[in-house]
Amino acid sequence: MATVRTAKQAAAWLDRVGIALLLVKADIVLPSLWEAVKGDREQTWAVRDAAGDFVEWSAEMGVVWRLKDELPARGLACVGKHLGAGVTCISPSALPLLYALTGRAGTPEDFRTELDGLELELAEAVRDGGPLSGPELRTLVGAPKPAVERSLARLQRRLVLTSAGLVERERGWPAVALDLLPRAWELPVLPSADEARRQLARLVLDTAGELTAADLAAALGWRRKAAAAVLDEVAEGRDGSGFRIWTRH
């Protein structure tokens, strides 16, 4: 498999797979950008000395970390903590399918009907101030760092906020800026939730080759019973050793 090095190559690869993790997770069937860059699943993220101590990040990790920020900054892929399995990369064509499951309309104001407390305060701060980093948001809302970080992670899982690239800071490393997802990405007419689930199940099945309901549920954050019902609609099932396996028609 040809290895990915540039944002353009990464975007083309992501267009084929639809949804990918940033890094390999052994219990998640989704492909990862790490594999696309490295060429295999071996997790050589760092260079270590003879004693096993960290020396520096590997060259492949440097590419992955650069692409994590470059892809959303250039409008090539949606990147964020969107599926609860770490950082996820989503192609522009797959994004409306995931957003359709939120039940929202896809406008920059549609979050207001379902948020409250600190999450609402943070989303409104981003709405009014444009893309903002975690440190900037902590200053604006005056809340403790742990509470803000938890709320920002939930807002990304709910597809309210997403990465908009990096912003420079007066001190320290650049920070990831977060923007309202429907403002960062133009969402076309959204499919029904049922159709979105079917298309997403096919998408994951196409990359995995075969799935259990637990596989699909873990990849997309669905309940196992719901995942099994969708797989019954779109794939051929057979009984395995105590569980059911679905494959492409």
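The values are calculated or read from the model by the stated rules, or taken from the named source; none is laboratory data. Every value quoted in this text rests on a predicted model; they were computed, and no experiment measured them. Virtual Cβ from ideal backbone geometry, glycine too; neighbours counted across all protein chains shown.
What tally of residues in region 139-149 results from selecting those that are outside any helix (DSSP H, G or I) and touching a residue at least 12 places away in the same chain (Cβ under 8 Å)?
Just the residues of region 139-149 that are outside any helix (DSSP H, G or I), to begin with: 142-144.
Still in the running and touching a residue at least 12 places away in the same chain (Cβ under 8 Å): 143.
So the answer is 1.
Which of the following residues is in contact with a Lys or Arg (Cβ under 9 Å, 6 or more places away or on another chain) and of a type in the set (D, E, K, R): R150, R171, R183?
Working: R150 fails: in contact with a Lys or Arg (Cβ under 9 Å, 6 or more places away or on another chain); R171 fails: in contact with a Lys or Arg (Cβ under 9 Å, 6 or more places away or on another chain).
Exactly one of R150, R171, R183 is in contact with a Lys or Arg (Cβ under 9 Å, 6 or more places away or on another chain) and of a type in the set (D, E, K, R), namely R183.
Give the residues of region 167-205 that are of a type in the set (D, E) and either more than 15 Å from the chain's Cα centre (by Cα) or in a loop (DSSP other than H, G, I, E, B) (or both), sorted by residue number.
At the first step, the residues of region 167-205 found to be of a type in the set (D, E) are 168, 170, 179, 186, 194-195.
E168, E170, E186, D194, E195 - these are the residues of region 167-205 that are of a type in the set (D, E) and either more than 15 Å from the chain's Cα centre (by Cα) or in a loop (DSSP other than H, G, I, E, B) (or both).
Return only the number of the condition from (1) more than 16 Å from V87 (Cβ to Cβ); (2) of a type in the set (S, T, Y); (3) touching a helix residue (DSSP H, G or I) at 6+ places or on another chain (Cβ under 7 Å) that T247 does not satisfy.
Unmet for T247, out of (1) more than 16 Å from V87 (Cβ to Cβ); (2) of a type in the set (S, T, Y); (3) touching a helix residue (DSSP H, G or I) at 6+ places or on another chain (Cβ under 7 Å): (3).
Conditions (1) assigned to a helix (DSSP H, G or I); (2) touching a residue at least 12 places away in the same chain (Cβ under 8 Å), marked per residue:
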residue	(1), (2)
L120	yes, no
A125	yes, yes
D128	yes, no
L137	yes, yes
S151	yes, yes
R154	yes, yes
G165	no, yes
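Can you name every residue in region 24-42 that is surrounded by fewer than 17 Cβ atoms within 10 Å (Cβ to Cβ) and either modelled with pLDDT under 85 or closer than 16 Å to V4 by Cα (or both)?
Hits for region 24-42 are G39, D40, R41, E42.
Restricting the first residue to region 226-241 and requiring it to be among the acidic types (D, E), which pairs with a second residue that is loosely packed, with under 11 Cβ neighbours inside 10 Å meet a Cβ separation below 7 Å and a spacing of at least six or different chains?
E236/H249
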